[in-house]
């Protein structure tokens, strides 16, 4: 069975892990908030054009179009609310994207280690990180490949011992000795390939 995918004592301190991804994620989210605010101003302005309002302006009673009366107040209100919501959105999306970017960063490190032949590492993510299922699948793959490499190394050890035993039977002038020496070179090359993998 695979290793656990959570390491509770590990706490990532840097929340800005993949700056390019996280910045784009935050900007898209804040752009959506801003677009919603602008749309709200346009819709309210449009629907208020058909009515009139009575207002006190500089101690005078004034009758004016509702749209003209509320537009400055609406813009000021939307700007203040958009700034507050935008700041909140930045904080929330930074931490949400951190839960995605952190695991992706860890996967990248594991993939590089596997490319170097290192199959001894497992993927550890924090509780609450996204992609825990992917981490578990990756750990299961690493465990399966690690087992195959260990089996292959074990079989190779037996093969090498058998080759040494067979080599003792060939006399120096035996015509098949050269074939055996060629085979022994191939076994040595295979041994170097197997040594590449660290399990």
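No lab work stands behind these numbers, since they all come straight from the coordinates. Note that the coordinates shown come from a computational prediction; the quantities given were computed from them, not determined experimentally. Note that we place each Cβ from the backbone using ideal geometry, even for glycine, and neighbour counts take in every protein chain shown.
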Dividing the alpha-carbon radius of gyration of segment 53-199 by 2.2 N^0.38 Å (N being the number of residues), what value is obtained?
2.41
Where the centre of each part is set by its Cα atoms, how far does segment 49-108 sit from segment 117-188, in angstrom?
62 Å
Rounded to 5, percent antiparallel among DSSP beta bridges of the chain
75 percent
Please arrange 137, 129, 174 by counting, for each residue, the other beta carbons lying within 10 Å of its beta carbon, fewest first.
174, 137, 129
Quote the FRET efficiency, to the nearest 0.05, computed for residue 54 versus residue 92 with a Förster distance R0 of 35 Å and r equal to the Cβ-Cβ distance.
0.25
